[in-house]
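I have placed the structure first, in the form of structure tokens, so that the comments after it can refer back to it.
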Amino acid sequence: MHTRLDLGRVKSEPAREMLRFGQILMIIALLAINGAHWVTLQTVAWTAMFTQNLRSGSLEQAMTKTFDGRHPCCLCKQIAAGKKSESKSEFSFSLKKLEFASEKIVITLTPPTQFSFLSHPDTQTSGLIPEPAVPPPRPLLG
């Protein structure tokens with residue numbers, strides 16, 4: 001029995017839901033890795049600042065005061081601090097020069113003192129290699 005894994009044509013409803021759930025989780029994970037949560041929080045902060053500034057002034061004044069960077073709200077300050085603390089690496093990576101042992105390893109190959117060819121076939125390994133098959137007969141008129 002062969003099972004085919006074809007995610008594009010999933011027929012059962014629970015399998016479709018699991019596939020969709022996995023895709024959504026993957027998208028959320030990718031966005032979190034790339035810092036989309038800071039962008040989302042900053043957008044919320046700017047929207048709140050813009051609406052607050054629009055209550056006390058004109059549209060042009062509200063836009064200028066929101067996006068000039070000189071009037072950050074408390075949420076903007078917290079976002080900046082969070083970005084700064086996140087950018088500091090938890091792990092310190094230091095590039096070091098590779099260090100090798102200064103000892104020289106000397107390998108010496110010495111031939112055996114006695115050597116002789118086997119005059120009779122080795123009975124322990126003779127059955128491991130099969131004999132070649134007999135070649136097929138050749139046609140007489142070739």
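In segment 68-82, what residues are exposed (fewer than 12 other Cβ atoms within 10 Å of the Cβ) and closer than 15 Å to Leu41 by Cα?
Initially, segment 68-82 is screened for residues exposed (fewer than 12 other Cβ atoms within 10 Å of the Cβ), giving 68-70, 74, 77, 81.
Hits for segment 68-82 are Cys74, Lys77, Ala81.
A search for C-beta distances below 9 Å between a residue of segment 62-79 that is among the aromatic types (Phe, Trp, Tyr) and any residue that is surrounded by 13 or more Cβ atoms within 10 Å (Cβ to Cβ) and assigned to a helix (DSSP H, G or I), counting only pairs 6+ apart in sequence or on different chains, returns Phe67/Trp46; Phe67/Met49; Phe67/Phe50. Residue count for segment 21-38 satisfying the condition of being surrounded by 12 or more Cβ atoms within 10 Å (Cβ to Cβ) and part of a helix (DSSP H, G or I): 5.
Which of the following residues is among the hydroxyl-bearing types (Ser, Thr, Tyr), modelled with pLDDT under 85, within 37 Å of the chain's Cα centre (by Cα) and assigned to a loop (DSSP other than H, G, I, E, B): Ser85, Ser94? Write out each step before concluding.
Working: Ser85 fails: assigned to a loop (DSSP other than H, G, I, E, B).
Of Ser85, Ser94, the one residue that is among the hydroxyl-bearing types (Ser, Thr, Tyr), modelled with pLDDT under 85, within 37 Å of the chain's Cα centre (by Cα) and assigned to a loop (DSSP other than H, G, I, E, B) is Ser94.
The values are calculated or read from the model by the stated rules, or taken from the named source; none is laboratory data. Given the structure is predicted, the values throughout are model-derived calculations rather than measurements. Because the Cβ atoms are built from the backbone with ideal geometry, glycine has one as well, and the counts that use them run over all protein chains shown.
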